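First the structure, in the form of structure tokens, and then the observations on it.
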Amino acid sequence: MLNEIQGMIAEIQKIRNQFGQLQENLQQLQEALTGVNRFLDDVNKDVAKWQFKSQPRLARMQKIADRLNENK
């Protein structure tokens, strides 16, 4: 019976250690996710800037293509 109790205590300590490791890993994951979100925001801003700058050119190219198609 004493061996069983000691075994249970050892298992409980093991579970507590694993839980502590899980909490640390979760914290690291949350920190990494924050970095990923910042990166994603930056990429979205860059895409929006590119679209804003290229839209007039794309519109002009579309007009030229439309004119060329009309002349066929």
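For A10 and N71, compute 0.36 nm times the residue count separating them, minus their Cα-Cα distance, and round to one decimal in nm.
Working: separation 61, 0.36 × 61 = 21.96 nm, distance 8.53 nm.
Full extension from A10 to N71 adds 13.4 nm.
If you take the charge dipole of the chain about its Cα centre, with +1 on Lys and Arg Cβ and -1 on Asp and Glu Cβ, which of Q55, N17, V36 is farthest toward its positive end?
Of Q55, N17, V36, it is Q55.
Relative to the longest principal Cα axis of the chain, at what angle does helix 2-70 sit, 0 to 90 degrees, rounded to 10?
Between helix and principal axis, roughly 0 degrees.
Laboratory data are not the source of any read-out in this text; all were calculated from the coordinates shown. Computed from a prediction, not measured in an experiment: that's the story for all the values here. When we count neighbours, we look across all protein chains shown, and the Cβ atoms used for this are built from the backbone with ideal geometry, even at glycine.
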